[in-house]
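Structure, as structure tokens:
We did not get these values from a lab; they are worked out from the coordinates using the rules stated. Every value quoted in this text rests on a predicted model; they were computed, and no experiment measured them. Positions of Cβ are generated from backbone atoms using ideal geometry, with glycine treated the same way; all protein chains shown enter the neighbour counts.
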Amino acid sequence: MTTGSLQVLVVDDESLARARLRTLLSDCASPPAVVAGEAANAMEAMEALRRHPYDAVLLDVRMPGADGLALAQALRGMANEPAVVFVTAHAEHAVAAFDLEAVDYLTKPVRLERLQVALQKVGRLVAARRGNGEAVETLVIQDRGRTERVPLSEVLYFKAELKYITVRTSARSYILDASLSELEERHAAQFLRIHRNALVARRAVRALEKHDDPEEGDGWAVRLNGIEELLAVSRRQLSAVREALTR
């Protein structure tokens, strides 16, 4: 096995599908991955996992006997729990898959570019677990018919707009159906309330500066690392933001 490569178990009842994934994985370079084992059903997969620790399982959903969703459920909480990436022709199982904390959900025929993205997510998860023994905290976001898992560590701010929350990373924006107050309660250690409609990542706050807001007039705003956009700070939250900047 290649040192430093992700160790992958491919689980699919179709030998041609397993062969296709083997070929694709051999073309993945960042991070590199090797097929360290194969299984045609859930029973064979569990036996393989008892014999050898894997970083990731590429898992079909529909198989004879216990299906992929049942296997993913069985893997949760096990010692050396592998990251799960579902690989299936049936897109309707995506929500259930992410409820089981799957890292990604690929539909057949799998494209090399999408597999590469999934492996990068696995790589980040593996690195985080090795670094601090904890899983990466993520948000599950439904976006344009696609379900995506966004690491909380990449989020710069949450902003309430109409019925939805804008989730902003340095790369792009997402729409999340959630409550800002619930997000604040759940992630208070990482995010700071700066306005009735906004939470910002504490780690991302770069500066507090004077700002002329078109709606609120003269006031203050925070500048965040990674984006040019300024976010207004309400007078009520001003002291909390100043305090956060001194820590």
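Might you report the magnitude of the Cβ-based charge dipole of the chain about its Cα centre, with Lys and Arg at +1 and Asp and Glu at -1, to the nearest 20 debye? Let's see the in-between values first.
Working: 33 positive and 35 negative charges, 120 e Å.
Using only the charged Cβ atoms, the result is roughly 580 debye.
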Amide H of Thr138 versus every other amide H placed in the peptide plane: which residues, excluding those fewer than 5 positions away on the same chain, fall under 5 Å?
Leu152
Return the calculated 222 nm mean residue ellipticity for the chain, to the nearest 500 deg cm²/dmol, obtained by summing -39500 (n - 2.57) across DSSP H runs with n ≥ 4 and dividing by the residue count.
-9000 deg cm²/dmol
Just to verify a number: FRET efficiency for Glu185 and Leu16, C-beta to C-beta distance, R0 = 35 Å, to 0.05?
0.10
Please report the relative contact order for the chain, taking Cα pairs under 8 Å with a sequence separation of at least 6, and give it as a percent rounded to a whole number.
10 percent
Around Ile227, with a cut-off of 15 angstrom between Cβ atoms, what is the net charge of the other residues, counting Lys and Arg +1 and Asp and Glu -1?
+2
How compact is the chain by the rule of thumb for globular proteins, expressed as Cα Rg over 2.2 N^0.38 Å?
1.19
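Hey, got a sec? Which GluC sites (Glu not before Pro) in the stretch 178-233 land in a DSSP loop and have at most 15 other Cβ atoms within 10 Å?
Details: sites: Glu182, Glu184, Glu185, Glu209, Glu215, Glu216, Glu228, Glu229; in loops: Glu215, Glu216, Glu228, Glu229.
The qualifying sites are Glu215, Glu216, Glu228, Glu229.
Taking only C-alpha pairs under 8 Å that are 6+ residues apart, what is the relative contact order of the stretch 150-246 in percent? Please list the in-between numbers first.
On the way: 165 pairs, mean separation 19.6, N = 97.
Across the stretch 150-246, relative contact order equals 20 percent.
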Mind listing the phi-derived Karplus ³J(HN,Hα) values for the stretch 101-106, rounded to whole Hz, using 6.51, -1.76 and 1.60 with θ = phi - 60°, and x for any glycine or proline?
6, 5, 6, 7, 9, 9
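When a footprinting reagent is the concern and you count Cβ atoms within 10 Å, what order do Arg168, Arg111 take, fewest first?
Values: Arg168 24, Arg111 12.
So the ranking, lowest neighbour count to highest, is Arg111, Arg168.
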Given H placed on each backbone N at 1.01 Å, which residues far from Met63 in sequence or on other chains put an amide H within less than 5 Å of it?
Gly68
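Around Arg20, what is the net charge, scoring Lys/Arg as +1 and Asp/Glu as -1 over all other residues with Cβ under 14 Å from its Cβ? Intermediate results must be reported in sequence, preceding the final value.
Details: positive: Arg18, Arg22, Lys108, Arg111, Arg114; negative: Asp12, Asp13, Glu14, Asp27, Glu38, Asp60.
Every neighbour counted, the sum reads -1.
Output the DSSP H helices from the chain with an along-axis C-alpha extent of no less than 24 Å and a mean Kyte-Doolittle hydropathy no less than -0.5. Intermediate results must be reported in sequence, preceding the final value.
Values: long enough: 112-132 (30 Å, -0.17).
What comes out of the filter, once short or polar helices are dropped, is 112-132.
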